[in-house]
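The values are calculated or read from the model by the stated rules, or taken from the named source; none is laboratory data. What you see is a predicted model, and the numbers here were worked out from it, not measured in a lab. Note that we place each Cβ from the backbone using ideal geometry, even for glycine, and neighbour counts take in every protein chain shown.
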Ligand code: BT5
């Protein structure tokens, strides 16, 4: 992609978000920052904040992905936010919050920006074979308390270009539509969709969302490369298990892989 000056757009406005939110408790407390190390790290420092608190920054100096990878967080172009959750869930079910979040983000972006995004299992939102959004869910269990989950969401919105290391794999809503979007509107839509799906998940479990998730999957029914600590191999992704893991067919056998153990790459394109 051609290098261009970064496009800074209007700041994210807490008032606009609150006006548009349709939630009961997600985003009722919003903490906004100009610059922060990482909104996930900030949420971890503020664990005593109410369930559903949201931390949003214009810029992250140490935006994080999984396994200490970097999340590029260009100032005032993207959405960098974390939601603090205190669910009555067993720690075993916590990984399912990642696909629930993926569903919420994909649904919000389809509605607000009219972009045909898909979900790359387990934690990316992709379009045209490129990554538009990443999700990082982290679990902390303070002594004597229920699990606290911090769900970090990074969405490329008005970026015109990306740094060299990711310019081939990253895209933004602007790059896909040539339109600049109001990030506050997207934040409100993502949080509203998140609460809707999260409530279904808490009440009925991930199986209640499986059909919708699978319909939006960029991974299912594709040949994939499984990258595990013991090596890489090709497999065919046949479905998503009710517990959120990926079902693959490999050497004539059906196996389940969980997101903590492996990364998945499409064979022909990034997804
Ligand atoms: C993720 O990790 O995709 C999770 C990203 C979560 C970011 C949010 S922002 C708010 C909150 N606060 C944080 O500190 N983090 C969360 P992973 O699957 O490990 O992917 C990381 C990889 O994505 C990197 O190694 C790059 O290849 C690529 N990448 C980095 N920045 C990107 C960007 N802005 N857009 C697309 N791809 C990117």
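Count of the range 49-62 residues, restricted to those that are touching a strand residue (DSSP E or B) at 6+ places or on another chain (Cβ under 6 Å) and near the ligand (Cβ under 10 Å from one of its atoms), is 4.
Looking across 83, 100, one residue alone is touching a strand residue (DSSP E or B) at 6+ places or on another chain (Cβ under 7 Å), closer than 22 Å to residue 200 by Cα and touching a residue at least 40 places away in the same chain (Cβ under 8 Å). It is 83.
Regarding residue 82, is this residue crowded, with 19+ Cβ neighbours inside 10 Å, near the ligand (Cβ under 9 Å from one of its atoms) and under 16 Å from residue 26 (Cβ atoms)?
Yes.
Do we find that residue 134 is outside any helix (DSSP H, G or I), touching a helix residue (DSSP H, G or I) at 6+ places or on another chain (Cβ under 9 Å) and closer than 26 Å to residue 256 by Cβ in this structure? Yes. If the condition is being under 14 Å from the mean Cα position of the chain (by Cα), in a loop (DSSP other than H, G, I, E, B) and away from the ligand (no atom under 12 Å from the Cβ), then the range 111-131 contributes only 117.
Looking for whichever is surrounded by fewer than 18 Cβ atoms within 10 Å (Cβ to Cβ) and either modelled with pLDDT of 95 or more or closer than 19 Å to residue 263 by Cα (or both) here; the options are 213, 204. Which one fits?
Unique residue meeting the criteria: 204.
Per-residue answers, yes or no, for (1) farther than 21 Å from residue 125 by Cβ; (2) within 13 Å of the ligand (Cβ to nearest atom); (3) outside any strand (DSSP E or B); (4) under 18 Å from the mean Cα position of the chain (by Cα):
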site: 11; (1), (2), (3), (4): yes, no, yes, no
site: 15; (1), (2), (3), (4): yes, no, yes, no
site: 33; (1), (2), (3), (4): yes, yes, no, no
site: 42; (1), (2), (3), (4): yes, yes, yes, yes
site: 72; (1), (2), (3), (4): no, yes, yes, yes
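Taking (1) surrounded by fewer than 13 Cβ atoms within 10 Å (Cβ to Cβ); (2) in contact with a helix residue (DSSP H, G or I) (Cβ under 9 Å, 6 or more places away or on another chain) in turn, residue 31 satisfies each apart from (1).
Annotation note: Cβ proximity below 7 Å between a residue of the range 65-79 that is closer than 16 Å to residue 162 by Cα and a residue that is more than 6 Å from the ligand (Cβ to nearest atom) and assigned to a helix (DSSP H, G or I) (sequence gap 6+ or interchain) occurs for 79/183; 79/186; 79/187.
For the range 236-263, taking the residues that are over 23 Å from residue 212 (Cα atoms) and modelled with pLDDT of 90 or more, the one that is surrounded by the fewest Cβ atoms within 10 Å (Cβ to Cβ) is identified as 252.
Per-residue answers, yes or no, for (1) more than 11 Å from the ligand (Cβ to nearest atom); (2) under 27 Å from residue 42 (Cβ atoms); (3) in contact (Cβ under 8 Å) with a residue 40 or more places away in the chain:
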residue	(1), (2), (3)
107	yes, yes, yes
137	no, yes, yes
143	yes, yes, no
148	yes, yes, yes
152	no, yes, yes
159	no, yes, yes
162	no, yes, yes
170	no, yes, yes
173	yes, yes, yes
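Filtered by the rule that a residue be surrounded by fewer than 24 Cβ atoms within 10 Å (Cβ to Cβ) and touching a strand residue (DSSP E or B) at 6+ places or on another chain (Cβ under 7 Å), the range 104-116 gives 115, 116.
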